[in-house]
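Peer 1: The structure under discussion is supplied below as C-alpha coordinates; questions concerning it will follow.
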Amino acid sequence: MRFSDIPGQQQVKQLLVQSVRRNHVAHAQLFRGAEGSAALALALAYAAFLNCEACGPAAEDSCGHCASCQKIDKLIHPDLNFILPVTTTKTVAKDAVSSKFMAEWRTFVLDSPYQGFNDWMQHIGAENKQGSISKEESLQLLKLVSLKAFEAQFKLVIVWLPELMHPAAANAVLKLLEEPPPATVFLLVSYAPEQLLPTIMSRVQPVVVRPLTEDELTEWLHGVHHVPETKARQLAQLAEGNPGAALTTSAGAADEQDHFTFFADWMRQCYGYQVAKLLATADDFQKLGRENQKEFMQYALGVLRKVLLFGLDPQLVPHLPAAEQQFVQGFSRFVTPRNADPLTRELNEAHYHIERNANPRMVFVDTSLRVAELLKMAS
Ligand SMILES: [Zn+2]
(Lines give C-alpha, C1' and ligand atoms only; values in the text may rest on other atoms or scores of the structure.)
Protein backbone atom coordinates (compact mmCIF):
# COMPACT_ATOMS: atom_id res chain seq x y z
CA MET A 1 0.00 0.00 0.00
CA ARG A 2 1.39 3.38 -0.98
CA PHE A 3 0.01 6.81 -0.13
CA SER A 4 -0.81 7.24 -3.80
CA ASP A 5 -3.14 4.20 -3.67
CA ILE A 6 -5.34 6.02 -1.15
CA PRO A 7 -7.81 8.64 -2.38
CA GLY A 8 -7.68 12.18 -0.93
CA GLN A 9 -6.24 12.71 2.57
CA GLN A 10 -3.55 15.08 1.25
CA GLN A 11 -3.11 16.83 4.59
CA VAL A 12 -2.70 13.65 6.59
CA LYS A 13 -0.27 12.24 4.05
CA GLN A 14 1.79 15.44 4.19
CA LEU A 15 1.95 15.30 8.00
CA LEU A 16 3.04 11.67 7.94
CA VAL A 17 5.69 12.29 5.30
CA GLN A 18 6.99 15.33 7.18
CA SER A 19 7.28 13.32 10.40
CA VAL A 20 9.75 11.01 8.69
CA ARG A 21 11.65 13.76 6.91
CA ARG A 22 12.08 15.76 10.11
CA ASN A 23 12.93 12.68 12.08
CA HIS A 24 9.96 13.24 14.37
CA VAL A 25 8.30 9.88 14.18
CA ALA A 26 6.10 9.58 17.27
CA HIS A 27 6.44 6.13 18.79
CA ALA A 28 2.68 5.79 19.23
CA GLN A 29 0.12 7.12 16.81
CA LEU A 30 -3.62 6.70 16.67
CA PHE A 31 -5.19 6.60 13.21
CA ARG A 32 -8.79 7.42 13.95
CA GLY A 33 -11.60 7.41 11.42
CA ALA A 34 -14.98 5.88 10.73
CA GLU A 35 -15.30 2.18 9.96
CA GLY A 36 -14.76 1.92 6.21
CA SER A 37 -12.43 4.93 6.21
CA ALA A 38 -8.83 4.90 5.00
CA ALA A 39 -7.43 4.64 8.56
CA LEU A 40 -5.93 1.16 8.13
CA ALA A 41 -4.82 1.85 4.56
CA LEU A 42 -2.98 4.98 5.73
CA ALA A 43 -1.30 3.12 8.58
CA LEU A 44 -0.09 0.49 6.10
CA ALA A 45 1.16 3.10 3.64
CA TYR A 46 2.96 4.86 6.48
CA ALA A 47 4.52 1.57 7.58
CA ALA A 48 5.86 1.07 4.05
CA PHE A 49 7.16 4.65 3.91
CA LEU A 50 8.88 4.37 7.30
CA ASN A 51 10.86 1.32 6.26
CA CYS A 52 11.31 1.90 2.52
CA GLU A 53 14.94 1.27 1.54
CA ALA A 54 14.87 3.39 -1.59
CA CYS A 55 13.30 6.59 -0.27
CA GLY A 56 15.54 9.63 -0.64
CA PRO A 57 15.21 12.61 1.69
CA ALA A 58 12.74 14.29 -0.68
CA ALA A 59 10.52 11.25 -1.18
CA GLU A 60 6.78 11.75 -0.83
CA ASP A 61 5.82 8.08 -0.92
CA SER A 62 7.35 4.63 -0.52
CA CYS A 63 9.01 3.29 -3.66
CA GLY A 64 6.75 0.23 -3.91
CA HIS A 65 9.46 -2.09 -5.25
CA CYS A 66 12.39 -2.36 -2.81
CA ALA A 67 12.61 -5.56 -0.73
CA SER A 68 11.01 -3.88 2.28
CA CYS A 69 8.14 -2.34 0.31
CA GLN A 70 7.40 -5.65 -1.37
CA LYS A 71 7.29 -7.52 1.92
CA ILE A 72 5.13 -4.89 3.57
CA ASP A 73 2.83 -4.91 0.56
CA LYS A 74 2.30 -8.65 0.96
CA LEU A 75 2.12 -8.24 4.75
CA ILE A 76 5.00 -10.67 5.23
CA HIS A 77 7.65 -8.29 6.56
CA PRO A 78 9.14 -9.81 9.75
CA ASP A 79 9.13 -6.42 11.47
CA LEU A 80 5.51 -5.66 10.66
CA ASN A 81 3.34 -7.07 13.43
CA PHE A 82 -0.39 -7.05 13.88
CA ILE A 83 -2.53 -7.24 16.97
CA LEU A 84 -6.14 -7.95 16.02
CA PRO A 85 -9.45 -8.85 17.59
CA VAL A 86 -9.99 -12.60 17.10
CA THR A 87 -11.98 -15.42 18.61
CA THR A 88 -12.02 -19.20 18.65
CA THR A 89 -13.10 -20.73 15.33
CA LYS A 90 -13.27 -24.14 13.67
CA THR A 91 -9.55 -23.97 12.86
CA VAL A 92 -8.37 -22.29 16.08
CA ALA A 93 -10.27 -24.12 18.81
CA LYS A 94 -8.48 -22.51 21.79
CA ASP A 95 -6.01 -19.78 22.78
CA ALA A 96 -7.08 -17.49 20.00
CA VAL A 97 -4.36 -14.89 19.42
CA SER A 98 -3.63 -12.72 16.39
CA SER A 99 -0.55 -14.65 15.32
CA LYS A 100 -2.73 -17.67 14.53
CA PHE A 101 -4.79 -15.66 12.07
CA MET A 102 -2.09 -14.12 9.92
CA ALA A 103 -2.93 -16.07 6.78
CA GLU A 104 -6.58 -14.98 7.04
CA TRP A 105 -5.55 -11.41 7.82
CA ARG A 106 -3.40 -11.25 4.70
CA THR A 107 -6.16 -12.34 2.36
CA PHE A 108 -8.59 -10.04 4.16
CA VAL A 109 -6.47 -6.88 3.92
CA LEU A 110 -5.19 -7.65 0.44
CA ASP A 111 -8.79 -8.02 -0.66
CA SER A 112 -9.61 -4.59 0.77
CA PRO A 113 -8.24 -2.57 3.71
CA TYR A 114 -11.56 -0.68 3.89
CA GLN A 115 -13.51 -3.51 5.48
CA GLY A 116 -14.98 -3.44 8.96
CA PHE A 117 -14.97 -5.55 12.10
CA ASN A 118 -17.97 -7.67 11.12
CA ASP A 119 -16.42 -8.43 7.74
CA TRP A 120 -13.36 -9.66 9.61
CA MET A 121 -15.40 -11.84 11.97
CA GLN A 122 -17.16 -13.38 8.97
CA HIS A 123 -13.87 -13.85 7.19
CA ILE A 124 -12.39 -15.94 10.01
CA GLY A 125 -15.64 -17.88 10.48
CA ALA A 126 -16.43 -16.50 13.95
CA GLU A 127 -20.13 -17.14 13.36
CA ASN A 128 -21.91 -15.50 16.31
CA LYS A 129 -18.96 -15.30 18.67
CA GLN A 130 -17.61 -12.02 19.98
CA GLY A 131 -14.12 -11.09 18.88
CA SER A 132 -11.65 -9.24 21.07
CA ILE A 133 -7.97 -8.58 21.62
CA SER A 134 -7.61 -11.18 24.32
CA LYS A 135 -5.61 -11.13 27.53
CA GLU A 136 -3.40 -13.89 26.08
CA GLU A 137 -2.38 -11.32 23.51
CA SER A 138 -0.52 -9.27 26.16
CA LEU A 139 2.06 -12.03 26.61
CA GLN A 140 2.57 -12.30 22.86
CA LEU A 141 2.95 -8.56 22.69
CA LEU A 142 5.65 -8.42 25.35
CA LYS A 143 7.54 -11.23 23.68
CA LEU A 144 7.25 -9.55 20.33
CA VAL A 145 8.61 -6.17 21.37
CA SER A 146 11.46 -7.69 23.36
CA LEU A 147 13.01 -8.86 20.09
CA LYS A 148 15.16 -6.49 18.09
CA ALA A 149 14.05 -5.47 14.64
CA PHE A 150 15.09 -8.19 12.21
CA GLU A 151 15.93 -6.16 9.16
CA ALA A 152 14.09 -2.85 9.20
CA GLN A 153 14.83 0.52 10.71
CA PHE A 154 11.58 0.43 12.65
CA LYS A 155 9.78 -2.45 14.22
CA LEU A 156 6.10 -1.79 13.65
CA VAL A 157 3.14 -2.92 15.67
CA ILE A 158 -0.24 -2.19 14.12
CA VAL A 159 -3.06 -2.61 16.62
CA TRP A 160 -6.30 -2.85 14.67
CA LEU A 161 -9.35 -1.86 16.71
CA PRO A 162 -7.70 -1.23 20.12
CA GLU A 163 -11.20 -0.40 21.41
CA LEU A 164 -11.73 -4.18 21.52
CA MET A 165 -8.82 -4.85 23.88
CA HIS A 166 -9.39 -6.94 26.98
CA PRO A 167 -8.32 -4.83 30.02
CA ALA A 168 -5.22 -7.02 30.47
CA ALA A 169 -4.21 -6.43 26.85
CA ALA A 170 -4.92 -2.71 27.24
CA ASN A 171 -2.65 -2.62 30.30
CA ALA A 172 0.14 -4.35 28.44
CA VAL A 173 -0.16 -1.87 25.59
CA LEU A 174 -0.24 1.02 28.03
CA LYS A 175 2.99 -0.18 29.69
CA LEU A 176 4.65 -0.33 26.29
CA LEU A 177 3.45 3.15 25.43
CA GLU A 178 4.79 4.47 28.74
CA GLU A 179 8.18 2.87 28.33
CA PRO A 180 8.54 2.45 24.61
CA PRO A 181 11.01 -0.14 23.44
CA PRO A 182 13.70 1.31 21.15
CA ALA A 183 12.98 1.79 17.43
CA THR A 184 9.45 0.48 17.80
CA VAL A 185 6.45 2.35 16.41
CA PHE A 186 2.91 1.56 17.49
CA LEU A 187 0.18 2.42 15.01
CA LEU A 188 -3.25 2.08 16.59
CA VAL A 189 -6.11 2.05 14.10
CA SER A 190 -9.43 2.80 15.75
CA TYR A 191 -12.99 3.24 14.50
CA ALA A 192 -14.31 4.07 18.00
CA PRO A 193 -11.53 6.00 19.78
CA GLU A 194 -14.00 7.36 22.35
CA GLN A 195 -14.01 3.84 23.82
CA LEU A 196 -10.26 3.85 24.51
CA LEU A 197 -8.85 4.35 27.99
CA PRO A 198 -7.97 8.00 28.63
CA THR A 199 -4.53 6.84 29.76
CA ILE A 200 -3.96 5.36 26.29
CA MET A 201 -5.43 8.38 24.51
CA SER A 202 -3.03 10.67 26.34
CA ARG A 203 -0.01 8.74 25.06
CA VAL A 204 -0.77 8.57 21.38
CA GLN A 205 -0.41 11.17 18.67
CA PRO A 206 -3.73 11.44 16.84
CA VAL A 207 -3.89 11.10 13.07
CA VAL A 208 -7.41 12.13 12.09
CA VAL A 209 -8.77 10.44 8.97
CA ARG A 210 -11.67 12.47 7.59
CA PRO A 211 -14.35 11.44 5.10
CA LEU A 212 -13.46 12.03 1.45
CA THR A 213 -15.08 14.70 -0.64
CA GLU A 214 -17.66 13.51 -3.14
CA ASP A 215 -15.29 14.32 -6.01
CA GLU A 216 -12.39 12.40 -4.48
CA LEU A 217 -14.55 9.37 -3.86
CA THR A 218 -16.15 9.50 -7.33
CA GLU A 219 -12.76 9.77 -9.02
CA TRP A 220 -11.39 6.84 -7.03
CA LEU A 221 -14.37 4.57 -7.68
CA HIS A 222 -14.25 5.40 -11.38
CA GLY A 223 -10.47 5.48 -11.90
CA VAL A 224 -9.32 2.66 -9.61
CA HIS A 225 -12.38 0.43 -9.25
CA HIS A 226 -13.70 0.92 -12.80
CA VAL A 227 -17.20 1.87 -11.68
CA PRO A 228 -18.93 3.77 -14.53
CA GLU A 229 -18.82 7.50 -13.85
CA THR A 230 -22.53 8.18 -13.24
CA LYS A 231 -22.78 5.16 -10.98
CA ALA A 232 -19.59 6.23 -9.17
CA ARG A 233 -21.09 9.65 -8.43
CA GLN A 234 -24.30 8.06 -7.12
CA LEU A 235 -22.32 5.72 -4.86
CA ALA A 236 -20.14 8.58 -3.62
CA GLN A 237 -23.22 10.58 -2.70
CA LEU A 238 -24.78 7.68 -0.81
CA ALA A 239 -21.56 6.73 0.97
CA GLU A 240 -21.00 10.22 2.42
CA GLY A 241 -17.25 10.15 1.86
CA ASN A 242 -16.68 6.65 3.21
CA PRO A 243 -14.73 4.44 0.75
CA GLY A 244 -15.58 1.19 2.55
CA ALA A 245 -19.31 1.92 2.43
CA ALA A 246 -19.07 2.86 -1.26
CA LEU A 247 -17.27 -0.38 -2.11
CA THR A 248 -19.79 -2.49 -0.20
CA THR A 249 -22.69 -0.86 -2.02
CA SER A 250 -20.88 -1.23 -5.32
CA ALA A 251 -20.28 -4.95 -4.68
CA GLY A 252 -23.98 -5.31 -3.89
CA ALA A 253 -24.74 -3.69 -7.24
CA ALA A 254 -22.53 -6.28 -8.95
CA ASP A 255 -24.60 -9.07 -7.35
CA GLU A 256 -27.76 -7.46 -8.68
CA GLN A 257 -26.23 -7.45 -12.13
CA ASP A 258 -25.34 -11.15 -11.82
CA HIS A 259 -28.82 -12.01 -10.58
CA PHE A 260 -30.30 -10.13 -13.49
CA THR A 261 -28.22 -11.95 -16.12
CA PHE A 262 -28.90 -15.29 -14.45
CA PHE A 263 -32.64 -14.60 -14.33
CA ALA A 264 -32.84 -13.41 -17.94
CA ASP A 265 -30.94 -16.48 -19.20
CA TRP A 266 -33.07 -18.77 -17.08
CA MET A 267 -36.35 -17.36 -18.41
CA ARG A 268 -35.13 -17.62 -22.03
CA GLN A 269 -34.23 -21.26 -21.46
CA CYS A 270 -37.60 -21.95 -19.84
CA TYR A 271 -39.51 -20.32 -22.65
CA GLY A 272 -37.46 -22.12 -25.30
CA TYR A 273 -37.81 -25.39 -23.34
CA GLN A 274 -34.03 -25.87 -23.65
CA VAL A 275 -33.74 -28.81 -21.29
CA ALA A 276 -30.00 -29.41 -21.65
CA LYS A 277 -29.26 -25.76 -20.94
CA LEU A 278 -31.67 -25.75 -18.02
CA LEU A 279 -29.85 -28.69 -16.46
CA ALA A 280 -26.54 -26.84 -16.78
CA THR A 281 -28.14 -23.74 -15.24
CA ALA A 282 -29.44 -25.91 -12.41
CA ASP A 283 -25.83 -26.93 -11.71
CA ASP A 284 -24.81 -23.27 -11.57
CA PHE A 285 -27.73 -22.61 -9.27
CA GLN A 286 -26.64 -25.42 -6.98
CA LYS A 287 -23.21 -23.79 -6.66
CA LEU A 288 -24.61 -20.47 -5.46
CA GLY A 289 -25.09 -21.72 -1.91
CA ARG A 290 -28.36 -21.65 0.00
CA GLU A 291 -28.31 -18.00 1.08
CA ASN A 292 -27.71 -16.77 -2.47
CA GLN A 293 -30.29 -19.18 -3.85
CA LYS A 294 -32.92 -17.72 -1.54
CA GLU A 295 -31.78 -14.20 -2.36
CA PHE A 296 -32.01 -15.01 -6.06
CA MET A 297 -35.59 -16.30 -5.74
CA GLN A 298 -36.54 -13.09 -3.92
CA TYR A 299 -34.90 -11.11 -6.66
CA ALA A 300 -36.71 -13.15 -9.33
CA LEU A 301 -40.03 -12.41 -7.65
CA GLY A 302 -39.21 -8.71 -7.77
CA VAL A 303 -38.39 -8.82 -11.49
CA LEU A 304 -41.51 -10.84 -12.23
CA ARG A 305 -43.60 -8.15 -10.58
CA LYS A 306 -41.85 -5.45 -12.62
CA VAL A 307 -42.47 -7.40 -15.81
CA LEU A 308 -46.17 -7.74 -15.08
CA LEU A 309 -46.53 -4.05 -14.21
CA PHE A 310 -44.59 -3.04 -17.30
CA GLY A 311 -46.99 -5.06 -19.45
CA LEU A 312 -49.92 -3.27 -17.87
CA ASP A 313 -48.38 0.18 -18.24
CA PRO A 314 -44.67 0.97 -18.78
CA GLN A 315 -45.12 4.15 -16.70
CA LEU A 316 -45.59 1.96 -13.63
CA VAL A 317 -41.90 0.95 -13.68
CA PRO A 318 -39.76 4.00 -14.31
CA HIS A 319 -35.96 4.12 -13.83
CA LEU A 320 -35.04 0.71 -15.20
CA PRO A 321 -31.39 0.36 -16.28
CA ALA A 322 -31.15 0.12 -20.08
CA ALA A 323 -30.24 -3.59 -20.24
CA GLU A 324 -33.04 -4.50 -17.86
CA GLN A 325 -35.53 -2.30 -19.67
CA GLN A 326 -34.96 -4.21 -22.88
CA PHE A 327 -35.47 -7.57 -21.19
CA VAL A 328 -38.49 -6.46 -19.18
CA GLN A 329 -40.13 -5.05 -22.26
CA GLY A 330 -39.62 -8.21 -24.30
CA PHE A 331 -40.54 -10.55 -21.47
CA SER A 332 -43.72 -8.63 -20.60
CA ARG A 333 -45.41 -10.36 -23.54
CA PHE A 334 -45.09 -13.65 -21.67
CA VAL A 335 -46.17 -12.56 -18.20
CA THR A 336 -49.78 -11.42 -18.08
CA PRO A 337 -52.61 -11.44 -15.53
CA ARG A 338 -53.44 -14.93 -16.83
CA ASN A 339 -50.23 -16.57 -15.58
CA ALA A 340 -48.69 -14.02 -13.19
CA ASP A 341 -50.23 -15.55 -10.06
CA PRO A 342 -49.18 -19.15 -10.69
CA LEU A 343 -45.69 -17.96 -11.74
CA THR A 344 -45.37 -16.03 -8.49
CA ARG A 345 -46.55 -19.07 -6.58
CA GLU A 346 -43.88 -21.25 -8.24
CA LEU A 347 -41.05 -18.91 -7.30
CA ASN A 348 -42.39 -18.51 -3.78
CA GLU A 349 -42.55 -22.26 -3.41
CA ALA A 350 -39.03 -22.67 -4.69
CA HIS A 351 -37.89 -20.19 -2.05
CA TYR A 352 -39.88 -22.06 0.60
CA HIS A 353 -38.38 -25.44 -0.27
CA ILE A 354 -34.84 -24.16 -0.46
CA GLU A 355 -35.24 -22.57 2.94
CA ARG A 356 -36.37 -25.94 4.29
CA ASN A 357 -33.26 -27.69 2.97
CA ALA A 358 -34.71 -29.37 -0.12
CA ASN A 359 -32.13 -30.27 -2.77
CA PRO A 360 -31.66 -26.94 -4.61
CA ARG A 361 -30.90 -28.56 -7.95
CA MET A 362 -34.11 -30.61 -7.88
CA VAL A 363 -36.13 -27.59 -6.81
CA PHE A 364 -34.63 -25.57 -9.65
CA VAL A 365 -35.32 -28.19 -12.33
CA ASP A 366 -38.87 -28.72 -11.05
CA THR A 367 -39.56 -25.01 -10.96
CA SER A 368 -38.06 -24.54 -14.44
CA LEU A 369 -40.35 -27.12 -16.01
CA ARG A 370 -43.46 -25.63 -14.42
CA VAL A 371 -42.39 -22.09 -15.33
CA ALA A 372 -41.88 -23.28 -18.92
CA GLU A 373 -45.48 -24.52 -19.02
CA LEU A 374 -46.84 -21.37 -17.43
CA LEU A 375 -45.03 -19.05 -19.84
CA LYS A 376 -46.92 -20.67 -22.70
CA MET A 377 -50.22 -19.70 -21.03
CA ALA A 378 -49.67 -15.96 -21.29
CA SER A 379 -52.30 -15.37 -23.89
ZN1 LIG B 1 10.64 0.92 -0.99
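Peer 1: Calculate for the chain the 222 nm mean residue ellipticity that helices alone would give, adding -39,500 (n - 2.57) per DSSP H run of length 4 or more and normalising by residue count, nearest 500 deg cm²/dmol.
Peer 2: Values: 16 runs with 204 residues, N = 379.
So the helix-based figure for the chain works out to -17000 deg cm²/dmol.
Peer 1: Please compute the contact order of the range 1-104 in relative form: average sequence separation of alpha-carbon pairs under 8 Å and at least six residues apart, divided by the residue count, as a percent. Show your work: numbers first, answer last.
Peer 2: On the way: 98 pairs, mean separation 23.8, N = 104.
Computed over the range 1-104, the figure is 23 percent.
Peer 1: Can you give the accessible area per residue of the chain, in Å², using a 1.4 Å probe?
Peer 2: The answer is 51 Å² per residue.
Peer 1: To continue, here is another question. Beyond 20 Å, what share of the Cα-Cα pairs of the range 190-313 is found? Please give it as a whole percent.
Peer 2: The answer is 64 percent, as a whole percent.
Peer 1: Hey, which lysines would be in cross-link range of LYS148, C-alpha to C-alpha under 20 Å, not counting anything within fewer than 8 residues on its own chain?
Peer 2: The qualifying lysines are LYS71, LYS175.
Peer 1: Taking amide hydrogens as modeled 1.01 Å from N in the peptide plane, which residues meet the under 5 Å criterion relative to VAL207, leaving out close sequence neighbours?
Peer 2: It is LEU30, PHE31, ARG32, by chain and number.
Peer 1: Give the percent of DSSP beta bridges with both residues in the chain that are antiparallel, rounded to the nearest 5.
Peer 2: 5 percent
Peer 1: Give a quick list of trypsin sites (Lys or Arg not before Pro) in the range 61-100 that DSSP marks as loop, anything other than H, G, I, E or B, with at most 16 other Cβ atoms within 10 Å.
Peer 2: LYS74, LYS90, LYS94
Peer 1: On a straight-distance basis, which aspartates and glutamates could pair with LYS231 in a cross-link, Cα separation under 16 angstrom, same-chain partners fewer than 8 positions away excluded?
Peer 2: Cα-Cα hits under 16 Å: GLU214, ASP215, GLU216, GLU219, GLU240, ASP255, GLU256, GLU324.
Peer 1: Here is a follow-up. Using only alpha carbon positions, build the gyration tensor of the range 63-219, then give the equivalent ellipsoid semi-axes as the square roots of 5 times its eigenvalues, largest first, whole angstrom.
Peer 2: They are 22, 21, 19 Å, listed from largest to smallest.
Peer 1: Using θ = phi - 60° and the Karplus relation 6.51 cos²θ - 1.76 cosθ + 1.60, list the HN-Hα couplings for the range 325-332 in order, rounded to whole Hz, with x at every Gly or Pro.
Peer 2: 3, 4, 5, 4, 4, x, 6, 5
Peer 1: So if each residue of separation counts as 0.36 nm, and I subtract the Cα-Cα distance between THR230 and ASP283, what length gain in nm does that give?
Peer 2: Values: separation 53, 0.36 × 53 = 19.08 nm, distance 3.53 nm.
Length gained between THR230 and ASP283: 15.5 nm.
Peer 1: Something else: Could you derive backbone 3J(HN,Hα) for the range 5-19 from the dihedral phi with the Karplus parameters 6.51, -1.76 and 1.60 (θ = phi - 60°), listing whole Hz in sequence and x where the residue is Gly or Pro?
Peer 2: 7, 9, x, x, 6, 4, 5, 4, 4, 4, 4, 5, 5, 4, 4
Peer 1: May I ask you to derive the relative contact order of the chain, considering only C-alpha pairs under 8 Å and at least 6 residues apart, and to give it as an integer percent?
Peer 2: Reported relative contact order: 17 percent.
Peer 1: Using a ≥ b ≥ c from the Cα gyration tensor of the range 240-379 (square roots of the eigenvalues), is it rounded, prolate or oblate, where a/c under 1.5 gives rounded and otherwise the larger of a/b and b/c decides, a/b for prolate?
Peer 2: Oblate is the answer for the range 240-379, as a/c is 1.5 or above yet b/c matches or exceeds a/b.
Peer 1: For VAL227, enumerate residues with amide H under 5 Å from its amide H, sequence gap 5+ or separate chain, H modeled in the peptide plane.
Peer 2: Here the answer is HIS222, since their amide H atoms fall under 5 Å of that of VAL227.
Peer 1: Provide the per-residue ³J(HN,Hα) series for the range 73-78, in order, calculated from phi with Karplus coefficients 6.51, -1.76, 1.60 and θ = phi - 60°, each as a whole number of Hz, with x at glycine and proline positions.
Peer 2: Ordered by residue, 3J(HN,Hα) equals 4, 8, 6, 10, 6, x Hz.
Peer 1: If I compute solvent accessible area with a 1.4 Å probe over the protein chains, what percent of it on the chain is carbon and sulfur? Walk me through the numbers before you get to the answer.
Peer 2: Numbers: 10060 of 19250 Å².
C and S atoms contribute 52 percent here.
Peer 1: So, by mean Cβ neighbours within 10 angstrom, what's the order for 328-335, 309-316 with the highest one leading?
Peer 2: Sorting 328-335, 309-316 by mean packing, highest first, produces 328-335, 309-316.
Peer 1: Given the options VAL157, VAL12, VAL307, state which has the largest fluctuation in a GNM of the chain using a 10 Å cut-off (strictly under) for Cα springs.
Peer 2: Result: VAL307 has the largest fluctuation of those listed.
Peer 1: Which whole-number percent gives the relative contact order of the range 92-211, counting Cα pairs below 8 Å spaced six or more residues apart? Please list the in-between numbers first.
Peer 2: On the way: 99 pairs, mean separation 28.8, N = 120.
Over the range 92-211, the number comes to 24 percent.
Peer 1: Skipping prolines and chain starts, which residues have an amide H placed within reach, meaning under 5 Å, of the one on VAL159, given they are 5 or more residues away or on another chain?
Peer 2: ILE83, LEU187, LEU188, VAL189
Peer 1: State the Cα centre-to-centre distance between the range 180-207 and the range 319-361 in whole Å.
Peer 2: Value for the Cα centre distance between the two parts: 53 Å.
The values are calculated or read from the model by the stated rules, or taken from the named source; none is laboratory data. In this text, all values refer to a predicted model and were calculated from it rather than measured experimentally. Every residue, glycine among them, receives a Cβ derived from its backbone with ideal geometry; neighbour counts consider all protein chains shown. Ligands, DNA and RNA are excluded from the accessible area calculation, which covers all protein heavy atoms including side chains. Shrake-Rupley method; radii C 1.70, N 1.55, O 1.52, S 1.80 Å.
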